[in-house]
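Here is the structure we will look at, set down as structure tokens.
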Ligand SMILES: Nc1ncnc2c1ncn2[C@@H]1O[C@H](COP(=O)(O)OP(=O)(O)OP(=O)(O)O)[C@@H](O)[C@H]1O
Ligand SMILES: Nc1ncnc2c1ncn2[C@@H]1O[C@H](COP(=O)(O)OP(=O)(O)OP(=O)(O)O)[C@@H](O)[C@H]1O
Ligand code: SF4
Ligand SMILES: [Mg+2]
Ligand SMILES: [Mg+2]
């Protein structure tokens with residue numbers, strides 16, 4: 001049984017567009033039918049461009065915001081946004097690491113207090129000295145020095161702050177960690193330190209994780225499987241080597257070809273997509289990618305392609321129809 | 001002296017010091033650059049290494065809290081520390097800069113057309129219908145659909161990629177000989193970044209414009225630049241033709257950056273992090289500023305600052321005492337960390 005199971009998850013927002021006297025009402029489809037499973041100990045990478053719904057998916061999976069429809073289950077029980085006793089109990093087994101380490105920390109508290117906070121909240125019976133000892137151990141495990149316990153966040157470097165955030169997420173030895181752009185704010189050399197640390201901790205503690213990044217190179221480094229999102233949907237999913245070296249979906253192909261990397265310099269054919277980034281308010285009919293797709297056909301404008309299995313991979317594109325899958329008409 | 005025979009821009013021993021109240025702190029320690037017409041040069045390095053202030057100083061944009069020294073010559077003429085009026089004239093008409101934070105450089109309360117029109121009036125004396133026609137042409141040139149209609153829109157009505165195009169259109173308004181683009185695509189998505197980089201490259205070729213591309217992203221620089229300079233703690237530590245730099249980096253810091261970067265191709269390997277962190281300008285170690293983080297450092301490294309010297313290929317220089325002792329030639333030094341790691345399933 002998978003540890004985490006997500007089925008047809010949607011989150012729509014009612015918004016008002018600016019302009020006009022009262023502003024026009026519209027629906028923003030931040031997440032629009034996402035399904036995936038996470039096996040115990042597995043890391044699923046979630047990639048896609050800004051606004052495609054990665055962070056919203058993460059919050060839905062943890063029950064931090066309610067879903068418009070669809071289900072999430074964790075270790076067999078439903079995750080909902082009703083923050084009741086059952087959710088709190090589950091929540092301590094699921095942690096999140098955010099992108100902005102400074103924003104995620106309280107600037108008025110020494111870092112040891114922040115790392116120990118989840119223990120104080122969820123295990124109030126643990127005596128203070130035992131809690132401190134545990135904080136000390138966790139700090140060592142993420143490469144922070146004991147003498148940094150009394151430091152305030154602004155006294156630490158960006159990489160050290162991210163270690164504090166990671167230490168806090170690990171305090172309760174969670175089974176599941178969502179990492180939302182954990183290294184995006186860091187310089188290359190520090191980014192490598194933090195990525196190695198996450199790899200080592202995973203090796204040691206064996207947690208399951210959802211790893212979100214817009215950086216395909218980082219996602220490849222960290223994931224056992226990757227899912228590529230576009231306009232609130234997964235368009236391709238599979239092992240990183242397959243998806244990044246032989247992408248099947250035209251969007252993945254463009255995305256992979258657009259990555260600047262020293263090793264591909266001068267050797268690659270860059271697919272430059274026409275058009276502006278997608279808008280989740282005006283989601284196109286049919287395949288959400290069709291207005292920018294170099295291979296779009298007439299059926300792409302009318303019918304939404306479903307995610308269909310191709311060996312180890314799943315792809316949602318009319319160029320790759322599943323042997324038996326039917327088409328579903330767009331509303 | 002013939003003006004044409006001079007390089008477009010020559011920077012010599014440029015230094016920058018910031019007034020920190022009690023004393024000045026040096027943030028740029030004497031850098032040299034030469035840029036020819038039509039050439040592209042990439043500047044890489046981690047946050048705070050001096051990528052931006054080099055070019056802000058050269059254009060006289062650092063303000064009164066900064067003290068600059070050295071020489072910056074445009075077509076052979078000294079422009080460093082010359083009058084604000086003279087510099088204001090050069091900026092935009094001869095040299096244009098796209099600033100790191102686009103949100104802060106476009107005025108949110110003015111329509112796009114007015115902002116480009118202002119640049120056209122300032123640098124080319126165009127007004128009225130002529131300015132409007134030229135603004136439309138520029139927006140079209142940077143690949144914006146419906147350019148005439150866009151002139152009436154405000155920055156918040158456009159996407160990040162479109163605002164970046166507007167910035168580029170404004171920079172092109174004065175038909176500059178040199179464009180300095182400071183992290184022009186950092187805030188943009190990969191597919192939009194690809195569009196903007198392609199645009200910059202085409203503009204450079206078609207206008208025979210010099211291009212300085214500042215980026216912390218090694219991949220962007222590898223893609224775009226003919227020459228690359230790597231900066232660390234306010235100094236250039238290595239510079240070379242792009243292929244040579246990425247095929248055979250010589251400075252331990254450059255090698256460190258490459259080994260720390262995950263790749264999309266090749267066997268998956270464990271990353272090799274550079275230990276420690278970048279020291280702040282007010283607290284630099286003595287000698288080679290990279291020494292405390294360097295695997296190859298010896299006592300000599302902490303005693304003197306290494307200068308740039310030939311690194312085994314024409315126009316390839318690196319600032320390290322131990323260039324000859326490092327494993328040579330190959331793109332990445334052979335070390336256990338380079339071996340593919342077992343993927344965890
Ligand atoms: N509370 C909200 N109200 C209205 N719209 C929202 C809200 N939260 C998110 N959105 C919109 O939903 C879409 C998806 O946002 P999300 O933050 O999930 O994207 P993302 O993939 O994480 O992007 P990024 O890479 O920029 O972090 C965006 O268009 C965003 O503007
Ligand atoms: N106005 C200023 N006053 C004092 N120090 C400054 C000022 N501007 C820059 N500095 C310092 O000068 C150094 C170089 O800054 P610079 O902005 O050139 O870095 P950078 O390489 O462009 O970094 P980034 O990649 O973050 O943009 C930094 O240590 C910075 O803190
Ligand atoms: S379904 Fe059609 S439009 Fe969508 S990616 Fe495939 S070919 Fe392109
Ligand atoms: Mg996000
Ligand atoms: Mg900068």
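Each reported figure results from applying straightforward, stated rules to the coordinates on display, with no laboratory input. Everything numeric here is computed off the predicted structure, so don't read it as measured data. Here the Cβ positions follow ideal geometry from the backbone for every residue, glycine too, while neighbour counts run over all protein chains shown.
Give the percent of DSSP beta bridges with both residues in region B:9-225 that are antiparallel, rounded to the nearest 5. Write out the running numbers ahead of the final one.
Values: 19 of 33 bridges.
Close to 60 percent.
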Taking only Cα atoms and a 10 Å spring cutoff, compute GNM fluctuations for chain A and point out the largest among A:234, A:97, A:15. A:15
State whether region A:181-295 is rounded, prolate or oblate according to the following rule on the C-alpha gyration tensor (a ≥ b ≥ c being the square roots of its eigenvalues): a/c under 1.5 gives rounded; otherwise a/b larger than b/c gives prolate, and the remaining case gives oblate. prolate
So, by mean Cβ neighbours within 10 angstrom, what's the order for B:59-67, A:27-35 with the highest one leading? A:27-35, B:59-67
Write down the radius of gyration of region A:105-151 and its Dmax, each obtained from C-alpha positions, in Å. 10.3, 28
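Treat chain A as a sphere of radius equal to its Kirkwood radius over Cα pairs and apply Stokes-Einstein at 25 °C in a medium of 0.890 mPa s; give the translational diffusion coefficient in µm²/s, rounded to a whole number. Each step should come with its number before you reach the end.
Details: Rh = 21.3 Å.
For the chosen part, D equals 115 µm²/s.
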Note on region A:142-195: alpha-carbon gyration tensor, axes a ≥ b ≥ c; rule is a/c under 1.5 for rounded, else prolate if a/b larger than b/c, else oblate; result oblate
Relative to the longest principal axis of the C-alpha atoms of chain B, give the angle of the C-alpha long axis of helix B:128-141, reported between 0 and 90° and rounded to the nearest 10°. 40
Between the helical axis of A:128-141 and the dominant principal axis of chain A, each derived from Cα atoms, what acute angle in degrees is found, rounded to the nearest 10? 50
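In whole Å, what three semi-axes, largest first, describe the equivalent ellipsoid of region B:230-338 built from its Cα gyration tensor (square root of 5 times each eigenvalue)?
Working: eigenvalues 97, 60, 32 Å².
Equivalent ellipsoid of region B:230-338: 22, 17, 13 Å, largest first.
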With a ≥ b ≥ c the root eigenvalues of the C-alpha gyration tensor of region A:45-157, is it rounded (a/c under 1.5), prolate (a/b larger than b/c) or oblate? oblate
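Report, in cubic angstrom per residue, the convex hull volume of the C-alpha atoms of region B:120-186.
Numbers: hull volume 6.2 nm³, N = 67.
Spread over its residues, the Cα hull of region B:120-186 gives 93 Å³ apiece.
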Cβ neighbours within 10 Å from other chains - mean over B:179-189: 1
Which percentage, to the nearest 5, of the DSSP beta bridges contained in the protein assembly as shown is antiparallel? 65
antiparallel share of DSSP beta bridges within chain A, to nearest 5, in %, is 65
With only alpha-carbon atoms in the gyration tensor, what are the semi-axes of the equivalent ellipsoid for region B:42-124, in Å, largest first? 24, 19, 12
If each of residue A:128 and residue B:19 carries a label point 7 Å out from its Cα toward its Cβ, how far apart are those two points in nm? 4.8
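To the nearest whole number, what is the average tally of beta carbon atoms from other chains within 10 Å of the beta carbons of peptide A:214-224?
Values: counts 2, 4, 3, 6, 4, 2, 5, 9, 1, 1, 3.
Per residue, the average neighbour count from other chains is 4.
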For region B:255-300, the percent of all C-alpha pairs falling in each 10 Å bin, from 0 up to the bin holding the max distance, is 23, 42, 24, 11, 0
Tilt relative to chain A, helix A:158-170 - C-alpha long axis, 0 to 90 degrees, to 10: 80
Span from the region A:64-103 Cα centroid across to the region A:256-286 one, whole angstrom: 32
P(r) of region A:233-285 in 5 Å steps, Cα pairs, percent per bin? 4, 16, 23, 23, 18, 10, 4, 2
Across bins of 5 angstrom width beginning at 0, how are the C-alpha pair distances of region A:37-99 distributed, in whole percent? 4, 15, 26, 27, 19, 8, 2, 0
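Just the Kirkwood number for region B:202-269, please: inverse of mean 1/r across all distinct Cα pairs, in Å, one decimal.
13.3
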Between A:265, A:163, A:220, find the one with the highest GNM mean-square fluctuation for chain A; connect C-alpha pairs within less than 10 Å. A:265
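Based on alpha-carbon positions alone, could you give the equivalent ellipsoid semi-axes of region B:54-185 from the gyration tensor, as √(5λ), descending, whole Å? Please list the in-between numbers first.
Numbers: eigenvalues 153, 52, 30 Å².
After scaling each eigenvalue by five and taking roots: 28, 16, 12 Å.
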Which residue, A:106, A:84, A:37, tops the fluctuation ranking in a GNM of chain A built on C-alpha contacts under 10 Å? A:84
log10 I(q)/I(0), Debye, Cα-only the protein assembly as shown, no solvent, q = 0.06 Å⁻¹? -0.38
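In units of 2.2 N^0.38 Å, what is the alpha-carbon radius of gyration of chain B? Could the numbers behind the result be given before it?
Details: Rg = 21.4 Å, N = 345, 2.2 N^0.38 = 20.3 Å.
In units of the globular-protein estimate, chain B measures up at 1.06.
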What's the average, rounded to a whole number, of partner chain beta-carbon atoms within 10 Å of each residue's beta-carbon in B:159-165? 2
